[in-house]
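Visitor: First the structure, then my questions, so here it is.
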Amino acid sequence: MRWLAAFTLGLLTAIGGFLDIGDLVANSVVGSRFGMTLAWVVPVGVVGLMVFTEMSARVVTATGRGTFDLVRERLGARVGLANLLASYLITLLTLSAQMGGIALALELASGIHYLLWVPVVGFLVWIVLWRLPFAYMEKTYGLLGLALVVFGVALWRMGPDLGALFTEAVSFSPPPNEGAAVWWYYAITLFGAAMTPYTVLFFSSGGVEEKWTSEDLATARLNVFFGLPLGGLLSLAIMGCAAVLLMPAGVQVSDLGQVALPVVSTLGRLGLIVVILGFFAATFGAALESGLAAGYGVAQYFGWHWGKTLPPASAPYFHLVIMVSLLSGTLFVLTGVDPITVTEYSLVFSAAALPLTYLPILVVANDRGYLGDQVNSRFTNILASVYLVLLCVVSVAAIPLMLYTKAGQ
Amino acid sequence: MLQPRSPSQEPGRTGRSPAQPTAPVLALVAVLLLLVAGCTAPTPTAGSYRDAAEQTVTDLLSAVGTGVLLVEIHRGDRAFSPYAETTAEDAEDAARSIADTFGTRQPPTAGSDALRAELSPLCDTAVNALADLRIALKRDDSAAVEAAGRTLRAVSSGLSDLEESLS
């Protein structure tokens, strides 16, 4: 049972963390506009996420401590604060986007305007975080999130020319009617969607919550190497659906209803029920993860008691940070800002801040004082260094490209 | 070591004139000018108007394409009303916003008037057809949904022709 619980954590991270509102929107937008020409970004993002998540898992199993806790201790208060600020602000923006996504999914199911759902969503996320046990929470949303496999079924039912899709995927160039700058801008958005910082933070802190030891490392690695690629495959299925149905119809995705169009067109009412359930589960799971990640980051940096398993009286500041983050997210979405736009901007800003999150993990994972013989291997360091260079390039290019392309127009 | 001469040490100068701006002041003025220029909308040209029209056509085709797909979904009874109505409403809102944005643009030349005269009616028809689709979906009126679908396909065809002529 303990093995099953740990494995489910990986699945939740894959579906709720890898596949969240950002991935749903980014993959569908990209597929509908560029076909499969940006499909290569997904495996690049997945491998990067796997490298750093496995590193975090090793840090947790070797030390039993959270990432931010060690980052502050190892790199000092200033670097830790920069790391915390970048991660927290991005996580807060991500949390707002997820809450907007939940509200949009509920609007598609009910026809009631999403803004009326936002306070309900804020309350539901808070009550689940407060009352639902950690293990039960991860199992529920991990399994419900698997409903998004419906995109794979829809793609299969559409019977696309797989050879043509593959040829497009390895063309590594934008379609003739699109410029290179916009194409690269969306590559960065997709990369940001794949490597969202809160995923790693939630995974490692969740491991501490579940009291992982060195005996759990094999299971954690299985989660990383199985769960994350599963999320990546679902991302490609979403992109493929959009490329096959929406691109020829001239539809460029700008709302969640359009993301579901290929499934509804192909699988009808049953597909609609399943896809809305998948939207809800993925965004709700990601809202729980990002809400907790916000609390984990701040509490670990300041050295407060933290943990979802602890009652609020034992970890008051941790729970307070979660409540304030949820309230901020709710109020932000209630301003009427388009949740899909928030999602797109959160991905770009996330991409811009990526090195601040991942560099400290690499430093800690190379410290024998913490990890002993569990420090990074030469191969891991080479791979991680290549990714750090990539993260820096992405970070530098993200904002200028956003301005130059007028956010991908 | 040679020291650079200050302006007052230069031949023929008795001192710095109080009216002459210094380098920091000039830099500040340049920065302010840049900021002001950044806040000012660029003067529209025939080229920028054409680019805006092209973007409008692309965005409008997306909203219209969504409407056409919704008509097909309704014909096959493949979706529940809340989903179809919400998606149609979103497409209509998007089309209205796109049409309004283009409508407020000033055509810079007489040549641009022809482009405006061609695109504006397509914008209006698209918005009205999507509104008709939303109303028909809410009433579950299949005949009206099909009628809206026919209009949307006609608009889509017109927009595609215009897109080709613009590209």
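The values are calculated or read from the model by the stated rules, or taken from the named source; none is laboratory data. Just so we're clear, the structure is a prediction, and the values are computed from it rather than from any experiment. Cβ: placed from backbone, ideal geometry, glycine included. Neighbour counts: every protein chain shown. Note: accessible area is taken over every heavy atom of the protein model, side chains too, but ligands, DNA and RNA are not part of it. Shrake-Rupley method; radii C 1.70, N 1.55, O 1.52, S 1.80 Å.
Visitor: What do you reckon, is residue A:284 farther than 30 Å from residue A:156 by Cα and away from chain B (no Cβ under 14 Å)? Let's see the steps before the verdict.
Guide: Working: farther than 30 Å from residue A:156 by Cα: no; away from chain B (no Cβ under 14 Å): yes.
No: the conditions fail for residue A:284.
Visitor: Among the listed residues A:246, A:234, A:310, A:267, which satisfies the condition of being of a type outside the set (S, T, N, Q) and closer than 30 Å to residue B:56 by Cβ? Give the steps one after another, and end with the answer.
Guide: Working: A:234 fails: closer than 30 Å to residue B:56 by Cβ; A:310 fails: closer than 30 Å to residue B:56 by Cβ; A:267 fails: closer than 30 Å to residue B:56 by Cβ.
Result: A:246 is the single residue among A:246, A:234, A:310, A:267 that is of a type outside the set (S, T, N, Q) and closer than 30 Å to residue B:56 by Cβ.
Visitor: Has the range A:116-127 got at least one residue that is closer than 27 Å to residue A:39 by Cα and assigned to a helix (DSSP H, G or I)? Please lay out each step first, then the result.
Guide: The initial filter retains those residues of the range A:116-127 that are closer than 27 Å to residue A:39 by Cα, namely none.
No, the range A:116-127 contains no residue that is closer than 27 Å to residue A:39 by Cα and assigned to a helix (DSSP H, G or I).
Visitor: Quick check on my filter: what residues within the range A:64-104 are open to solvent by 40 Å² or more (accessible area, probe 1.4 Å), farther than 27 Å from residue A:119 by Cβ and in a helix (DSSP H, G or I)?
Guide: Hits for the range A:64-104 are A:69, A:72, A:73, A:74, A:75, A:77, A:78, A:79, A:81, A:82, A:85.
Visitor: Please enumerate the residues belonging to the range A:306-345 that are over 21 Å from residue A:211 (Cα atoms) and β-branched (Val, Ile, Thr).
Guide: A:321, A:322, A:324, A:330, A:333, A:335, A:337, A:340, A:341, A:342, A:343
Visitor: Just one of the numbered conditions (1) in a helix (DSSP H, G or I); (2) open to solvent by 30 Å² or more (accessible area, probe 1.4 Å); (3) more than 22 Å from residue A:104 (Cα to Cα); (4) in contact (Cβ under 8 Å) with a residue 24 or more places away in the chain is not true of residue A:164; which one?
Guide: With (1) in a helix (DSSP H, G or I); (2) open to solvent by 30 Å² or more (accessible area, probe 1.4 Å); (3) more than 22 Å from residue A:104 (Cα to Cα); (4) in contact (Cβ under 8 Å) with a residue 24 or more places away in the chain applied to residue A:164, the lone miss is (4).
Visitor: Residues to consider are A:222, A:228, A:143; find the one that is surrounded by 18 or more Cβ atoms within 10 Å (Cβ to Cβ), assigned to a helix (DSSP H, G or I) and not hydroxyl-bearing (Ser, Thr, Tyr). Even if it seems obvious, please write down each step before you answer.
Guide: On the way: A:222 fails: surrounded by 18 or more Cβ atoms within 10 Å (Cβ to Cβ); A:143 fails: surrounded by 18 or more Cβ atoms within 10 Å (Cβ to Cβ).
Exactly one residue qualifies, and that residue is A:228.
Visitor: So which pairs qualify, if the first residue must be in the range A:60-80 and over 27 Å from residue A:219 (Cα atoms), the second must be among the charged types (D, E, K, R) and assigned to a helix (DSSP H, G or I), the Cβ gap must be under 7 Å, and the two must be at least 6 apart or on different chains?
Guide: A:80/A:72
Visitor: Could you check the range B:135-167 and list, in sequence order, the residues that are within 13 Å of another protein chain (Cβ to nearest Cβ) and surrounded by 23 or more Cβ atoms within 10 Å (Cβ to Cβ)?
Guide: Correct list: B:137, B:152, B:155, B:159.
Visitor: Is it fair to say residue A:268 is of a type in the set (Gly, Ala, Ser), surrounded by fewer than 22 Cβ atoms within 10 Å (Cβ to Cβ) and modelled with pLDDT of 85 or more?
Guide: In short, yes.
Visitor: Within the range A:175-217, track down each residue that is over 16 Å from residue A:42 (Cα atoms) and in a loop (DSSP other than H, G, I, E, B).
Guide: Selection gives A:175, A:176, A:177, A:178, A:179, A:210, A:211, A:212, A:213.
Visitor: If only one of A:268, A:257, A:250 is within 8 Å of another protein chain (Cβ to nearest Cβ) and not in a helix (DSSP H, G or I), which one is it? Step through it out loud before you land on a result.
Guide: Details: A:268 fails: not in a helix (DSSP H, G or I); A:257 fails: not in a helix (DSSP H, G or I).
Being within 8 Å of another protein chain (Cβ to nearest Cβ) and not in a helix (DSSP H, G or I) holds for just one of A:268, A:257, A:250, which is A:250.
Visitor: Just the residues that are over 27 Å from residue A:301 (Cα atoms) and aromatic (Phe, Trp, Tyr), please, taken from the range A:16-73.
Guide: If the condition is that a residue be over 27 Å from residue A:301 (Cα atoms) and aromatic (Phe, Trp, Tyr), then A:34, A:40 are the ones that fit.
Visitor: Working only within the range A:105-140, note down all residues that are among the polar types (S, T, N, Q) and either surrounded by fewer than 18 Cβ atoms within 10 Å (Cβ to Cβ) or modelled with pLDDT of 90 or more (or both).
Guide: Pass one, the range A:105-140, residues among the polar types (S, T, N, Q): A:110, A:140.
Result: A:110, single match.
Visitor: Next up: Kindly provide the set of residues from the range A:33-64 that are under 19 Å from residue A:388 (Cα atoms) and either of a type in the set (A, V, I, L, M) or in contact with a strand residue (DSSP E or B) (Cβ under 7 Å, 6 or more places away or on another chain) (or both), ordered by number.
Guide: Those that are under 19 Å from residue A:388 (Cα atoms) and either of a type in the set (A, V, I, L, M) or in contact with a strand residue (DSSP E or B) (Cβ under 7 Å, 6 or more places away or on another chain) (or both): A:41, A:42, A:44, A:46, A:47, A:49, A:50, A:51, A:55, A:57, A:59.
Visitor: If you don't mind, another one. Anything in the range B:61-101 that is within 23 Å of residue A:338 (Cα to Cα), within 7 Å of another protein chain (Cβ to nearest Cβ) and among the charged types (D, E, K, R)? List them, or say none.
Guide: B:85, B:90
Visitor: Then there is this: Can you tell me which residue in the range B:34-82 is modelled with the lowest pLDDT, limited to those that are polar (S, T, N, Q) and open to solvent by 70 Å² or more (accessible area, probe 1.4 Å)? First the steps, then the outcome.
Guide: Let us first name the residues in the range B:34-82 that are polar (S, T, N, Q), namely B:40, B:43, B:45, B:48, B:55-56, B:58, B:62, B:66, B:81.
Filter once more, so that each one left must be open to solvent by 70 Å² or more (accessible area, probe 1.4 Å): B:40, B:43, B:45.
On the way: B:40: 56, B:43: 67, B:45: 84.
Ranking the qualifying residues of the range B:34-82, first place goes to B:40.
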